[in-house]
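Engineer: Before anything else, here's the structure in question.
Read-outs: derived from the displayed coordinates by stated rules, not from any lab. Computed from a predicted structure; not experimentally measured. Here the Cβ positions follow ideal geometry from the backbone for every residue, glycine too, while neighbour counts run over all protein chains shown.
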Amino acid sequence: MWFQDFVNEPDNMARINGYENIKEYLLRKHKILLKKNLMHGEEQFTTSKIVFNTIKRAIYDHVNYVIANPISLNGQKPEMVALFNSIYKRGGYDITNFKIVRDLIIYANAYEYPWLDVDNGNKIKSYIILPNSGYPIYSDDYEYIGFVERWQDKFSSDEHFFVYYTDRIERYTNGTLVDTRKNVSGYLPIHYAAIDRGYDDHFGEPWILDVIPIMDEIEALLSNMNDGVNMHSLKPLGVSIGKQIETKIPREAVGSMYSVDDGGDIKYLTAKLDYESAKLQLDNLWRQFYEIACIPAVSTGQQNASNISEVSLKLLFHSMSNRANETIQALNEGFTKRHECFRKLLERAGTVISEEDVDGIGIEYNLSQPMDTSSLMNELKTQREMGAISTLTILEKSPYTQNTALEQQRLKEEAAASAGVAESATEKRTEGDKEKEGEENEND
């Protein structure tokens with residue numbers, strides 16, 4: 001049972017505990033909730049604990065920016081593009097890609113295992129392994145040699161292990177081997193790792209760890225400000241100046257009148273909050289949050305978005321695009337391995353394709369970024385008129401094209417139909433000319 005010792009190694013435990021902490025944070029279990037209540041006067045005062053889930057919103061902004069629009073496949077061989085498009089459609093890979101990007105952005109690591117569903121028409125699917133359940137195994141010379149998946153049933157507390165080898169997959173329950181299956185593709189689960197790496201060069205470093213401390217400070221500042229307003233500003237404190245009054249001034253006495261000695265006075269004191277200092281600190285915290293999270297303030301309504309040109313939009317979303325490019329690089333590395341798995345699984349199903357055919361499949365990412373569509377189409381039109389761009393490239397760059405191969409096929413069908421109509425019209429004109437010529441000969 002070597003895999004039980006492996007998952008309990010300090011490095012693995014520290015990494016999984018970090019993922020669990022991120023998961024707990026996204027479930028609104030923030031540091032501010034540990035703030036203690038206070039005694040105010042003779043009563044317990046329940047302190048403010050303001051929780052913002054802004055980081056979760058930022059995460060899904062990045063996820064949707066990259067993969068909200070399905071990817072497009074392209075290549076020099078339309079039949080290969082059509083084959084892979086069919087695999088993606090039948091296997092539900094739009095939602096699979098969304099889950100991979102989500103895990104990659106939240107945890108900086110994601111795991112995918114493509115497999116062949118023999119019982120369902122040899123359909124190729126992918127099983128997504130949760131980051132907090134995955135333990136890839138690397139040798140000392142950086143070779144990927146195995147994978148362990150561990151999860152525990154929260155109701156029965158049974159511990160389950162899936163141990164992946166290149167030739168088989170073993171399943172254990174509570175340390176007992178219960179099943180062994182053949183690894184048809186011969187590949188281990190695909191490990192997607194973010195470009196930004198941590199102490200271990202094999203694993204990505206989650207960027208949200210950089211913004212959680214900032215959000216903790218924002219929540220603490222606003223919670224303390226709310227406590228100050230409730231305790232000291234909205235509830236004034238009565239103070240007697242002069243000879244001490246024998247009677248006790250009740251806390252709720254606002255409209256009552258008290259008689260004091262000559263020269264004495266009574267006032268209600270309230271705390272004066274330093275608004276400018278608090279605003280300066282809060283503004284700086286939010287600015288750092290947006291810079292590190294790479295979220296433009298205009299997307300959350302924190303900045304005026306009127307009269308923004310195409311260039312201004314690109315500048316506003318520049319940081320977001322840079323982070324998306326890093327995510328795309330990690331996806332490309334994983335998708336290359338995925339397509340190679342597809343080739344092996346297709347071979348198993350009886351369809352043989354070459355490595356060159358697989359290498360010829362390209363991926364086009366349709367980023368969900370604001371754009372001036374009319375300007376883009378005019379630029380494509382100008383390039384086409386100059387002879388500097390092909391129709392296929394226009395299809396790939398057009399924001400209105402969802403499936404490049406399908407649109408290309410439709411254009412061919414329309415061209416063939418138009419050619420048939422033109423040929424038919426030419427034949428009719430030719431027959432008409434012949435009839436007219438015959439009539440003229442008869443007249444002669």
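Engineer: Please go through segment 30-134 and write out the GluC sites (Glu not before Pro) that DSSP classes as loop and that have at most 14 other C-beta atoms within 10 Å.
Structural biologist: Glu42
Engineer: Another question, then. Of Lys31/Lys154; Lys125/Lys337; Lys23/Lys99; Lys35/Lys279, which sit over 18 Å apart, Cα to Cα?
Structural biologist: Going by Cα-Cα distance, Lys31/Lys154; Lys35/Lys279 fall outside the 18 Å limit.
Engineer: Calculate one ³J(HN,Hα) per residue across segment 8-23 by plugging θ = phi - 60° into the Karplus curve 6.51 cos²θ - 1.76 cosθ + 1.60, and present them in order as whole Hz with x for glycine and proline.
Structural biologist: In residue order, the calculated couplings are 9, 5, x, 5, 5, 5, 5, 5, 5, 4, x, 5, 5, 5, 5, 4 Hz.
Engineer: Okay, next question. Could you list the trypsin sites (Lys or Arg not before Pro) in segment 1-96 that lie in coil according to DSSP, counting only those with at most 11 other Cβ atoms within 10 Å of their Cβ?
Structural biologist: Arg28, Lys36
Engineer: Provide the gained length on full extension for the span Gln383 to Met13, in nm with one decimal, where the gain is 0.36 nm per separating residue minus the Cα-Cα distance.
Structural biologist: 127.7 nm
Engineer: Give the separation of the Cα centroids, segment 44-66 to segment 164-233, in Å.
Structural biologist: About 17 Å separates the Cα centre of segment 44-66 from the one of segment 164-233.
Engineer: Next question. Pop the C-beta distance of Thr373 and Asp283 into the FRET formula with R0 = 41 Å and round what comes out to the nearest 0.05.
Structural biologist: 0.75
Engineer: Treat each spin label as a single point 7 Å out from the Cα along the C-beta direction, and report the Thr176 to Ala417 distance in nm.
Structural biologist: Taking the simple label geometry, Thr176 and Ala417 are separated by 6.4 nm.
Engineer: Then there's this: How much net charge surrounds Leu282 when only the other residues with a Cβ under 13 Å from the Cβ of Leu282 are counted, with Lys and Arg +1 and Asp and Glu -1?
Structural biologist: Result for the neighbourhood of Leu282: -3.
Engineer: Across segment 196-203, in residue order, what do the Karplus-derived ³J(HN,Hα) couplings come to in whole Hz, using 6.51 cos²θ - 1.76 cosθ + 1.60 with θ = phi - 60° and x for Gly and Pro?
Structural biologist: Per-residue couplings from phi come out as 6, 9, x, 5, 9, 5, 7, 10 Hz.
Engineer: Are there any chymotrypsin sites (Phe, Trp or Tyr not before Pro) in segment 107-182 that are in a DSSP loop and have at most 15 other Cβ atoms within 10 Å? List them by number.
Structural biologist: The qualifying sites are Tyr142, Phe155, Tyr165.
Engineer: Oh, and also: Starting at the first residue of segment 400-416, write each ³J(HN,Hα) from the Karplus equation 6.51 cos²θ - 1.76 cosθ + 1.60 with θ = phi - 60°, in whole Hz, x for Gly and Pro.
Structural biologist: Karplus values, whole Hz, x for Gly and Pro: 8, 9, 9, 9, 4, 4, 5, 5, 5, 5, 5, 5, 5, 5, 5, 5, 5.
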